[in-house]
1. Of the conditions (1) in a helix (DSSP H, G or I); (2) more than 15 Å from SER140 (Cα to Cα); (3) of a type outside the set (Asp, Glu); (4) touching an Asp or Glu at 6+ places or on another chain (Cβ under 8 Å), ALA319 clears all except one; give me its number.
2. Could you pull out every one of the helices (runs of 4 or more DSSP H) wholly within the range 103-164 that has 2 or more residues that are out of contact with any strand residue (DSSP E or B) (no Cβ under 7 Å at 6 or more places or on another chain) and within 30 Å of GLY458 (Cβ to Cβ)?
3. Pull out all pairs, ordered by first then second residue, where Cβ-Cβ is under 9 Å, the residues are six or more apart or on different chains, the first lies in the range 406-432 and is at negative phi, and the second is outside any helix (DSSP H, G or I) and β-branched (Val, Ile, Thr).
4. Can you pull out every residue in the range 35-94 that is of a type in the set (A, V, I, L, M), at pLDDT below 85, over 25 Å from VAL191 (Cα atoms) and not in a helix (DSSP H, G or I)?
5. Which members of the range 332-359 meet the condition of being of a type in the set (A, V, I, L, M), assigned to a helix (DSSP H, G or I) and either under 23 Å from GLU467 (Cβ atoms) or touching a residue at least 60 places away in the same chain (Cβ under 8 Å) (or both)?
6. Run down GLY313, GLY288 and say which single residue is in a helix (DSSP H, G or I), of a type outside the set (Val, Ile, Thr) and closer than 30 Å to GLN145 by Cα.
7. Can you find even one residue in the range 243-259 that is of a type outside the set (Val, Ile, Thr), under 17 Å from LEU197 (Cβ atoms) and surrounded by 24 or more Cβ atoms within 10 Å (Cβ to Cβ)?
Amino acid sequence: MPPSAPRIKSPQRLIAESGADLEGHGLKRTMGLFQLVCFGIGAIVGTGIFVGLSDSVAEAGPAVVVSFVLAAITCVFTAFSFAELGSAIPVSGSSYSFAYASLGERVAFLVGWCLLLEYGVSVSAVAVGWSQYLNELLDSLVGWQLPAALSAGPADGGVVNLPAVVVILLAATLLVRGVRESARATAAMAVLKIAILVIFCAVGFSAFRDGNLSPFAGHGVAGITAGASVAFFSYIGFDAITTAGEEVRNPRRTIPLAILICIGVATLLYGAVALSAIGALGGDAVAGKPAALSLVVDQVTGSAVGGGIIAFGAVVAIASVVLAVMYGQTRILMSMSRDGLVPGVFERVSPKSATPVANTWIVAAVFAVPAAFSSLDAVVGLTTIGTLAIMAVVNIAVMVLRRRDPELPRSFRVPLYPLSPVLGVGFCCYLIWGTGWTTWVQFAVFLAVGALVYALYGRRNSRLGQEEAVGAGSGPAAPPLTRTGDGAAVAARPGG
């Protein structure tokens, strides 16, 4: 292979290396369709609707319902692509592995780098939102809140956000205990938060007033687009379903079905919640308000009890997002570690719990820091644009693999191909435009740093690159590669 050609790892090799048709590197297949759907709902429904709704309303006004639909359409086209690739390549690497199999190692590394935004940084953002609703819950229960110095970062007038750190550590503790335990907790929390949102809709629609929807699109098309870019944060996480590829029973059937069910449920919930909230109080009363859903219920019922129930649902809902998204981040790093692109510690699986323990605690420690000291607004835009870029790549990957490997088994195929993935790319680019130029600059800098990390570490330590070097070596044969205890590839010593 010429040095300039991209390093591509075939889907068949990705599946073989992960053991996805059997057991993946010590991971156990314990999740069925119901558990996977609950995991997906756990990853999606949380901060975006409980905390971010007010920001979307501030941009679009009552037309935020259209913004949610526009964001959902973007997700649906990309969900089709994720479903096809998840059925064809059922491994833990998700979009990172899909890019590796289609566009090559450099693009795959940058996708993995962007996944640090979608999964890692969003954990910090979600944890900050959890802290806001925890204070709302404490206020409704005992009439007392944590002092601002201990419940908000410096950007929000505090010193350190301890609740945000605590929820990350609690999620890590549950994750290292085992996937079965985490799946059960996520399922219970998913059912509870759906029930809470349905109750909210019932309360909101009981006070619905047509006049509260006028003017419907006072901020125009630009407002709807900006609102959709903000609302998109509410859908982030559905692709985490594909990170469970090595821990799901019958993944080729279960993964596509779970993705489509989760997108459908989330879209119906978001549209109903947004419509009932604005219909009850009006756009101006909801826009920019923290803990907006509790505020709506308090105003409609004239009591703090209902708001307390919503706050409790939000605390549970957002905690489940932290759990599910942290799970996704650890599995992405595990896949990258197998390929040598990040240190070997991230692929070690505990034989006792069948989970990547060190990986999980490292992720928790790293992302607890921004959760403790940053604000939610500081990372939402960057997380959104990073996720949209990943989704554009996934849509492209579907088209590339259809041409390169048409015989690859696919239990689900994108409908209306190639129109669907082309529209998926188009909608992603449209929402990226809506994030604004400051976010573009931040993202460009972030990508540049990622490219530098790949050049200095990833490319040099790539196991695929080491194999190519051995195969293309001239003169005396290069020593064969062997595996150390942590799975790292090293050169064998002469004579053994």
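The values are calculated or read from the model by the stated rules, or taken from the named source; none is laboratory data. Keep in mind that this is a model prediction, so the values were computed, not measured. Cβ sites come from the backbone with ideal geometry, for glycine too, and all protein chains shown count toward neighbours.
1. Going through (1) in a helix (DSSP H, G or I); (2) more than 15 Å from SER140 (Cα to Cα); (3) of a type outside the set (Asp, Glu); (4) touching an Asp or Glu at 6+ places or on another chain (Cβ under 8 Å) one by one, ALA319 breaks only (4).
2. On the way: elements: 105-115, 122-142, 148-151.
Output list reads 105-115, 122-142.
3. LEU408/ILE89; SER420/VAL414; PRO421/VAL414; GLY424/VAL414
4. VAL91
5. From the range 332-359, those of a type in the set (A, V, I, L, M) are 332-334, 336, 341-342, 345, 349, 354, 357-358; that's our starting set.
So of that shortlist, the ones also assigned to a helix (DSSP H, G or I) come out as 332-334, 336, 345, 357-358.
Within the range 332-359, ILE332, LEU333, MET334, MET336, VAL345, VAL357 qualify.
6. Numbers: GLY288 fails: in a helix (DSSP H, G or I).
Step by step, each of GLY313, GLY288 is checked, and only GLY313 is in a helix (DSSP H, G or I), of a type outside the set (Val, Ile, Thr) and closer than 30 Å to GLN145 by Cα.
7. Narrowing the range 243-259 to residues of a type outside the set (Val, Ile, Thr): 244-247, 249-253, 256-258.
Those still in the list that are under 17 Å from LEU197 (Cβ atoms) too: none.
No, every residue in the range 243-259 fails to be of a type outside the set (Val, Ile, Thr), under 17 Å from LEU197 (Cβ atoms) and surrounded by 24 or more Cβ atoms within 10 Å (Cβ to Cβ).
Listed here are the residues, each with its yes/no results for (1) small (Gly, Ala, Ser); (2) under 24 Å from VAL166 (Cα atoms).
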{"residue": "LEU295", "(1), (2)": "no, no"}
{"residue": "GLY306", "(1), (2)": "yes, no"}
{"residue": "GLY313", "(1), (2)": "yes, yes"}
{"residue": "ALA317", "(1), (2)": "yes, yes"}
{"residue": "LEU323", "(1), (2)": "no, yes"}
{"residue": "PRO351", "(1), (2)": "no, no"}
{"residue": "ALA372", "(1), (2)": "yes, yes"}
